[in-house]
Amino acid sequence: MKKILFSLLILLSVVNVYAKDSLFEITDDNAPLYYWNLKKSVPIQEFFDRYIPADCFIGITENAGTPNCYLQSIDTDTNYCYLNIDYLIPKDTDDLIPVEAQTKPNDEYVWMSEFFLELVKTRNVNVLRAHYPYRVELMGEGLEYKPSWKSVVINEIIITNCVIQLELSTFYVENINLIENGFKVETTVYEMDEDMSGRCNPKISTDVPHILYFIFDGDFMTVYIDNMNTMLQKYVRIPASCFTNIDEYLEGREKLIASKDFTWPHHADGTSEYEAVIREPSFKYPEIKPNQKKTSQKKKKAEKKKKK
């Protein structure tokens, strides 16, 4: 169950590559596109000029032999290939998500829903019922979790310039704007678990685009949807080892870590609702001026072309 990511539900057909049909821009013409077995790669320009159509953009994974990056699955019409997602950005974006705020596989810290901390505090698995009533109803009493429950109950949050996954809902990123203490993202919903997210996150719809607001306060991240008055979910940044412990406990393979041994999240000012100790948070959102335009991948690419 650990770090399970979204997968393709249906195979989408490939269309001709025109910018108007594309959501994502390639930042390096020589980016290696790996065949599905990862034993051979070719420059991505052999298949795509500068843009990748949205319906070639299939799913994201981290378990394909490259431990330090997410790989984007792409249908090239002749094969099923992988590309390091760091080579892609939204075609029409104003800004990019700060590198510090993007997630990577095997990070020392991960983001997860704050309500799981209730489990650690109370030592009572029933506190999850309020957040997952439908799955709890299916699994019944006790700790006899069904695979479907285990596969969705606890997922790391994925934040990249092109794809954002908030537990069971996956979004394609169309535009990014930096705002105070965070960023605003214009998205379309790529995939969601209707049985789960449709009941627990009724604010998310596959029928309309959504704007997501990510606001950071130390180890706390609040996500709002469509406006700054509608909170979608609160997340906390905790050590990956603590995340794994909760995961393993829910699967019945480990004892739950003691509260005194848990690394609790702290706000930017060092305070925490979970312990009286004042300490520096593990994460500080970088001080970047709002409306600072794309100054990383796109700028470097433009400068490179000028030198030629």
Practice prompt. Report the residue count in the stretch 1-48 for those that are among the charged types (D, E, K, R) and at pLDDT 80 or above.
Written response: 4
Discussion item. Can you pull out every residue in the stretch 247-271 that is in contact with a helix residue (DSSP H, G or I) (Cβ under 7 Å, 6 or more places away or on another chain) and not in a loop (DSSP other than H, G, I, E, B)?
Written reply: Leu250, Ser259
Worksheet item: If the Cβ limit is 7 Å and pairs must be 6+ apart or interchain, which residue in the stretch 224-235 that is touching a residue at least 40 places away in the same chain (Cβ under 8 Å) and within 18 Å of Leu168 (Cα to Cα) pairs with which residue that is assigned to a loop (DSSP other than H, G, I, E, B) and open to solvent by 50 Å² or more (accessible area, probe 1.4 Å)?
Response: Leu232/Lys203
Practice prompt. Collect the residues in the stretch 181-226 that are of a type in the set (Ser, Thr, Tyr), modelled with pLDDT under 90 and surrounded by fewer than 19 Cβ atoms within 10 Å (Cβ to Cβ), keeping them in residue-number order.
Written response: Thr188, Ser205, Thr206
Discussion item. Give me the helices (runs of 4 or more DSSP H) completely within the stretch 55-155, filtered to those with at least 3 residues that are closer than 28 Å to Ile238 by Cα, modelled with pLDDT under 80 and not aromatic (Phe, Trp, Tyr), ordered by residue number.
Written reply: 133-139, 147-153
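The values are calculated or read from the model by the stated rules, or taken from the named source; none is laboratory data. Computed from a predicted model, the values in this text were never measured in an experiment. Neighbour counts run over all protein chains shown; Cβ positions are idealised from the backbone, glycine included. Protein only, heavy atoms only, side chains kept; ligands, DNA and RNA dropped before computing areas. Shrake-Rupley method; radii C 1.70, N 1.55, O 1.52, S 1.80 Å.
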